[in-house]
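Remarks on the structure that follows.
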Amino acid sequence: MLILNSCTLRSWQWSDRTSLQLHANNRNVSINLRDRFPWPYTQSEADDFLHISTFEPLTLYAAIDINGEAVGGIGIEPFDDVNRYGCEIGYWLSERYWNKGIMTEVVAAYSNYIFENTEFVRLEAHVFGWNRGSGKVLEKCGFEFEGAHRKACFKDGKWCDMIIYAKVR
Ligand SMILES: CC(C)(COP(=O)(O)OP(=O)(O)OC[C@H]1O[C@@H](n2cnc3c(N)ncnc32)[C@H](O)[C@@H]1OP(=O)(O)O)[C@@H](O)C(=O)NCCC(=O)NCCS
C-alpha cells in the first residue's frame, strides 16, 4: 500500500465492484483510453476487470482510493522480447476529482515505486493527441516527450496521433 497526501494506492478488492462501475462509467474518461475501457462501462466490465486484477501485485494494478472508495486506477503492461525491461503505464481518475493535482502525485509516486520494486528500466505512456491534461501530468512527473506516431489510433470514429512519453531509470 502507498499512502500519499491526496489518496492511497492499494490492491483492487472484490468489494470495489460498485464504485469501479460508478466512476469508470463516464465517456469523458473512456474517450481518452483504449476501447477495451468502454462506454458505457457496465457492471460486467467492472467484474471482468476485478477478476484479473484482484490478486495481482501493486506493481501491476493499483486502485486509487479516496476515503475508502476506489475512484480510479493505475497500472502497467509489460512489454516482451527485447523490449522486456520496459512497460506501458496507464491510469484514469473519476472526473469528480480532476484538476486537483491528484494524478500528478499518483504518477510520480507510482513510477518511483515501479523503479524501486521491479527490474523495469523504462516506463512508456501512450497519450492521444487531444489529451493535453495527461501530457501535462507526465511532464510534471519527469516523463519526456519522445515523439508522435501520426494517425496511429482510430478512436471514437476519428484518427488521432499517439504521443509517446517515457521515463527511464
Ligand atoms: C488525465 C487525468 C488522469 C489527469 O488527472 P488529474 O488528477 O486531473 O491531473 P492533475 O490535476 O494532477 O493535473 C492535470 C494538469 O493538466 C491540466 N489540464 C487539464 N485539462 C487540460 C486541457 N484540456 N488542456 C491543457 N491542460 C489541461 C491541468 O490544468 C493540470 O495542470 P496544472 O497543474 O499545470 O494546472 C484525468 O483527467 C483522467 O483520468 N482523464 C481520463 C483518462 C485519461 O486521460 N487517462 C490517461 C490516458 S494517457
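Things to note:
- Tally, over the stretch 71-95, of residues that are touching a strand residue (DSSP E or B) at 6+ places or on another chain (Cβ under 7 Å) and within 12 Å of the ligand (Cβ to nearest atom): 12
- Residue list for the stretch 42-72, restricted to those being touching a Ser or Thr at 6+ places or on another chain (Cβ under 6 Å) and of a type in the set (Gly, Ala, Ser): Ala70, Gly72
- When Arg132 is tested against the conditions (1) within 12 Å of the ligand (Cβ to nearest atom); (2) surrounded by 13 or more Cβ atoms within 10 Å (Cβ to Cβ); (3) farther than 19 Å from Leu22 by Cβ, the lone failure is (2).
- Pairs where the first residue, in the stretch 127-147, is within 16 Å of Tyr110 (Cα to Cα) and the second is near the ligand (Cβ under 8 Å from one of its atoms) and in a loop (DSSP other than H, G, I, E, B), C-beta under 7 Å, 6+ apart: Ser134/Asn32
- Count - residues of the stretch 96-116 that are more than 11 Å from the ligand (Cβ to nearest atom) and at positive phi: 0
- Residue in the stretch 61-82 that is touching a residue at least 24 places away in the same chain (Cβ under 8 Å) and touching a Lys or Arg at 6+ places or on another chain (Cβ under 6 Å) present: yes
- Only one of the numbered conditions (1) among the charged types (D, E, K, R); (2) part of a loop (DSSP other than H, G, I, E, B); (3) within 8 Å of the ligand (Cβ to nearest atom) is violated by Glu119, and that is (3).
Each value in this text was obtained by applying a stated rule to the coordinates, not by laboratory testing. Predicted model only: the values in this text are computed from it and were never measured. Positions of Cβ are backbone-derived with ideal geometry, glycine not excepted, and every protein chain shown enters the neighbour counts.
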